[in-house]
Amino acid sequence: MSSEGESNFGVSGPSHLTVIDWESTHYRSSVIASLVKGVYVLERDHQQNRVLTPTALAPPWWEFFNFQLNNVLVDAADYSFFGAVFELKSPALIKAPKYVVVFRGTLTEPNTRSRDILLDLKCISNRLHKNSRFKRALDSIETLVEKAGTANVWLAGHSVRVSHSTACWKENDKKGLPT
């Protein structure tokens, strides 16, 4: 994700998907991959001070699929954007989620590298649940599940952050929330 072209949806996004088909595994995978890419690009926008500006590159990654950014998950330690909650604008569609909680993977940018790698090590040592990102993610997911129900909340992540999704879901299950 080092070049601007890769961050630009018009250049590297799946803009060929012009028909909404939540029944299609390929379509669902493309949407989720685009939302994950959107979180990476959102953090890059954040680092380059272009969030909420006309030059921001992240919004097309979710807007193309009729999602809106509902919430940004911000790391309390380094203030990086490690995840986001997306809300489908028209959730009445069959098999479509109302919310998707997405976690980006490790970035090697100077502003996030040390924190991301530290969390990678926590994951490897099975201590992922002992950090502020996990707590923030879990709180967001619990709120959404209570509000919209389990079937309406999807989780996605890239790289080591897939473990964030899995760990949060397991934690909800332990607390007796429907999973």
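Computed from the coordinates by the stated procedures, all read-outs in this text should not be read as laboratory data. Not measured: the values here are computed from a predicted model. Methodologically, a virtual Cβ is constructed for each residue, glycine included, from the backbone with ideal geometry; neighbour enumeration extends over all protein chains shown.
Taking trypsin sites (Lys or Arg not before Pro) across the range 38-93, the ones in a DSSP loop with at most 12 further Cβ atoms lying within 10 angstrom of their Cβ are Lys89.
Within the shell of other residues whose beta carbon sits under 11 angstrom from the beta carbon of Asn71, the net charge comes to -1, with Lys and Arg scored +1 and Asp and Glu -1. In a DSSP loop and with at most 14 other Cβ atoms within 10 Å, the chymotrypsin sites (Phe, Trp or Tyr not before Pro) in the range 22-56 are Trp22. Amide H to amide H distances under 5 Å link Leu155 with Val101, where only residues 5 or more positions off or on other chains count and H is placed in the peptide plane.
The tail of the calculated P(r) for the range 1-88 beyond 22 Å holds 24 percent of all Cα-Cα pairs.
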